[in-house]
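Peer 1: Let me give you the structure first, and then I'll get to my questions.
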Amino acid sequence: MSSRENEDFEPLVVLQFSSSTPPATKEWVIKRLTANPNDDQGAGLLARYDTDPESDKRVILIGATLSRLLIGAEELRIKKRYKNKGLTEFLVSDTDHFENSENPENLLLKSEKQRIIWEEIQNLHPMIHEHTVPGVPTKSFSSKNDTILNILHSLDFIGNIFPLHDKEELKLLEHTWIKSVRSISKPQDINKIRDYFGENVAFYFAFLEFYTYALVPPALLGLLISFSSSSDFFKYSSLCIFNVIWWTIVMELWKNYTNKLAHQWGTLDIEIFERPRSLYYGDPQLSPITNTEEPQYPLWKHLLKKYLVSYPLMLVCVAISLIMYFTYCGIQQSTDEKYPFDDSVLFIHAKSMRMAPSLGYSLLIGPVNLAYKRLATFLTDLENHRLQSSYENNLTSKLFIFFFINCFVGLFYQAFFNANFANVTQLLTSMVIVNAILLKFTEQIIPYLWKLQKKKQLIEKRSDDAQVSSAVRQLKTLTPFQGTYGDYVTIFEQYGYVALFSAVFPWVTICALVNNLFELRGDAFKYCHVYQRPFAQQSWNIGSWHYAFDILSSIAIVTNTALIAMQPTVREYFSSYTDVEYILIFVAAEHVLLAIKFFIDFAIPDVPYEVEIERVKALYESNQALRRQRANKALQAEKSIVRL
């Protein structure tokens, strides 16, 4: 690789060193990144320091030659469209038969190029003869077990690493996604979002839009029933039955739509070939699947961390959430006694004072949820999961438990133990409103104002007319991307309020719909203008979040039927029945609703018929190709024998 080639390239990824990184360590990293993959076990990438003085030789710009990217695409089994055919795993030797092969630079999406580079960086090891870090001779490592990235992280030498936003592509995307007047009523172009951000982010926005549109029918029905003069039993039971059937159908249709998108993007079966996580560590052993050396971590250590560290700490957190809630209960009770309702002019003052504890508790839930999210991430990292899917499943299950207890335990206690529906309404109102407003400020408004301030400071620092480099501008003004977990948790919390309580409090669904109509474009703005660009991550669905939502749907059947049964007006409607008969009626109703849910689950297929046909067709063609290959080999062997 010539020095000129190493200087003149399109930067795709930015790596920032911390201020404590020695110069020798920086040079070592650049050498390993640019070293030949065959001779020196390097990454074969292109790397140079950013030319902007503001970066202070702490920022490396990383790119790659076209040939290196194409080899990486083959190694990652990236699927591209074959001419006059469907998606096929890319092969360098067969490049001419893929679409856009006449213009090779456009054969790969920029997000795919950045993902290839990221995979190379994550899997880059020191050379076999290297045992200490240049610039830090006291830091030793094993060239087989440790990657360059893990070594730098352990020394706190990595400040940040992210792919660069593409100014022109982003402008085109945000024009149709955010800025256009028609974007408010027009569905998102999920394919464009996928092309720019990758499948992981695209699935989040697809789910948010799908869920938002699904809120329309129950919101309209709730609005109509709220103004209806029918009996409470008719209102509540109608909403409950409709919600059970509707949300079951929605979740099954979403699963169906998910598989359709995954097939369209070529990710439907990628879990079969899932590679180990880059942060997974262990002693190298021969893999029985790939027949190559891969890190292996003892199962007993993994289980020990799970049962002796993760689970006990989760129980402590559950106890903290309960203590928080019962402390709030005590404050709320004393406040209610101090400010009773009467017909005086002080009614509004009393109402405001009685709302104060609920608002304070709702404000406290946000920071506690954030702390729980960080703890869940730490514990899942500690458990050392081999596959990304296993990592995400375990993280999602922890977040489900934390957020379920923290967000819903108070509402359950007030509804089922105190039977105080006035307090349920008050607490639910404050939690929904505070959560919506708080998220808008913490996730969108404040980060964007901070970005504008940082941008202004960068411009003021320049004494000349030179522009700040794109890498430095994005590094210093945009917020590092923390994954889609926080976004899914927000929807999960909201869906909990809708599914668990909307039969008795239908206005919750209306509030959720109004909030999500703004959230769709607000999140789009956040991903385009607030976050640093995330590395594209292949996904075939929304992961374990689908099961989390499905579990909530099942719990909702129990909670809604119980809430209806506990309404005094409903009990009056069944006044001719004894208490035992009354309870049995609602237990039977609950079982019928559960049976309806499971029947709908079974009736709607997970995979669309046309997708299933395509999968079987691809399998058939693969088997036919294998048979032809074997027949050719047999024929060649027969010819060789005849010659002898």
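Peer 1: Among the residues of the range 354-402, what is the count of those that are in contact with a strand residue (DSSP E or B) (Cβ under 9 Å, 6 or more places away or on another chain) and of a type in the set (A, V, I, L, M)?
Peer 2: The number of residues fulfilling the criteria is 1.
Peer 1: Which members of the range 382-398 meet the condition of being in contact with a helix residue (DSSP H, G or I) (Cβ under 7 Å, 6 or more places away or on another chain) and hydroxyl-bearing (Ser, Thr, Tyr)?
Peer 2: Ser389, Tyr391, Thr396
Peer 1: Turning to a different aspect of this structure: Just to be sure, is Pro163 modelled with pLDDT of 90 or more and touching a Phe, Trp or Tyr at 6+ places or on another chain (Cβ under 8 Å)?
Peer 2: When the stated conditions are applied, Pro163 passes them.
Peer 1: In the range 538-545, is there at least one residue being closer than 25 Å to Ala219 by Cα, in a helix (DSSP H, G or I) and outside the structural domain of Ile117 (by TED's automatic domain parsing)? Break it down into steps so the answer makes sense when it comes.
Peer 2: Initially, the range 538-545 is screened for residues closer than 25 Å to Ala219 by Cα, giving 542, 545.
From the residues that got through so far, the ones that are in a helix (DSSP H, G or I) too are 545.
Those left that are additionally outside the structural domain of Ile117 (by TED's automatic domain parsing): 545.
Yes, that holds for at least one residue.
Peer 1: On the given criteria, is Leu172 modelled with pLDDT of 85 or more and of a type outside the set (Phe, Trp, Tyr)?
Peer 2: yes
Peer 1: Another one. Tell me yes or no: at least one residue of the range 205-219 is in the same structural domain as Gln388 (by TED's automatic domain parsing) and farther than 17 Å from Glu519 by Cβ. Working first, answer last.
Peer 2: Within the range 205-219, the first condition is being in the same structural domain as Gln388 (by TED's automatic domain parsing), and the residues that meet it are 205-219.
Imposing the further condition that a residue be farther than 17 Å from Glu519 by Cβ reduces the set to 217-218.
Yes, the range 205-219 has at least one match.
Peer 1: Taking the range 202-251 as the region of interest, how many residues are more than 31 Å from the chain's Cα centre (by Cα) and assigned to a loop (DSSP other than H, G, I, E, B)?
Peer 2: 5
Peer 1: Could I ask something else about it? On the given criteria, is Ala422 free of Cβ contacts under 8 Å to residues at least 24 places away in the same chain, in a helix (DSSP H, G or I) and either over 27 Å from Val530 (Cα atoms) or small (Gly, Ala, Ser) (or both)?
Peer 2: Values: free of Cβ contacts under 8 Å to residues at least 24 places away in the same chain: yes; in a helix (DSSP H, G or I): yes; either over 27 Å from Val530 (Cα atoms) or small (Gly, Ala, Ser) (or both): yes.
Against the criterion (free of Cβ contacts under 8 Å to residues at least 24 places away in the same chain, in a helix (DSSP H, G or I) and either over 27 Å from Val530 (Cα atoms) or small (Gly, Ala, Ser) (or both)), Ala422 qualifies.
Peer 1: Looking at Gln532, is it among the polar types (S, T, N, Q), within 30 Å of Pro11 (Cβ to Cβ) and touching a Gly at 6+ places or on another chain (Cβ under 7 Å)? Quick ask: steps written out before the conclusion?
Peer 2: Values: among the polar types (S, T, N, Q): yes; within 30 Å of Pro11 (Cβ to Cβ): yes; touching a Gly at 6+ places or on another chain (Cβ under 7 Å): no.
Answer is no for this residue.
Peer 1: Output the residues belonging to the range 408-424 that are crowded, with 17+ Cβ neighbours inside 10 Å and of a type in the set (Val, Ile, Thr).
Peer 2: Passing the criteria: only Val424.
Peer 1: Looking only at the range 98-118, which residues are surrounded by fewer than 17 Cβ atoms within 10 Å (Cβ to Cβ), assigned to a helix (DSSP H, G or I) and not polar (S, T, N, Q)?
Peer 2: Those that are surrounded by fewer than 17 Cβ atoms within 10 Å (Cβ to Cβ), assigned to a helix (DSSP H, G or I) and not polar (S, T, N, Q): Pro104, Glu105.
Peer 1: Mind telling me which of the residues Glu199, Glu174 ends up being over 24 Å from Ser470 (Cβ atoms) and within 21 Å of the chain's Cα centre (by Cα)?
Peer 2: Glu199
Peer 1: Pairs needed: first member in the range 499-528, within 22 Å of Trp247 (Cα to Cα); second member anywhere, assigned to a loop (DSSP other than H, G, I, E, B) and small (Gly, Ala, Ser); C-beta distance under 6 Å; at least 6 residues apart or different chains.
Peer 2: Qualifying pairs under 6 Å: Val508/Ser502; Thr509/Ser502.
Peer 1: Scanning the range 81-93 for residues that are more than 31 Å from the chain's Cα centre (by Cα) and modelled with pLDDT of 85 or more, which turns out nearest to Leu12 (Cα to Cα)?
Peer 2: Looking at residues that are more than 31 Å from the chain's Cα centre (by Cα) and modelled with pLDDT of 85 or more, I get Val92.
Peer 1: Next question, about the same structure. What's the number of the condition Leu279 fails, among (1) in contact with a strand residue (DSSP E or B) (Cβ under 9 Å, 6 or more places away or on another chain); (2) modelled with pLDDT of 70 or more; (3) of a type outside the set (Val, Ile, Thr)?
Peer 2: It fails just one condition, (1).
The values are calculated or read from the model by the stated rules, or taken from the named source; none is laboratory data. The structure presented is a predicted model; accordingly, all values stated were derived computationally and were not measured. Glycine also receives a Cβ, built like all others from the backbone with ideal geometry; neighbour counts cover every protein chain displayed.
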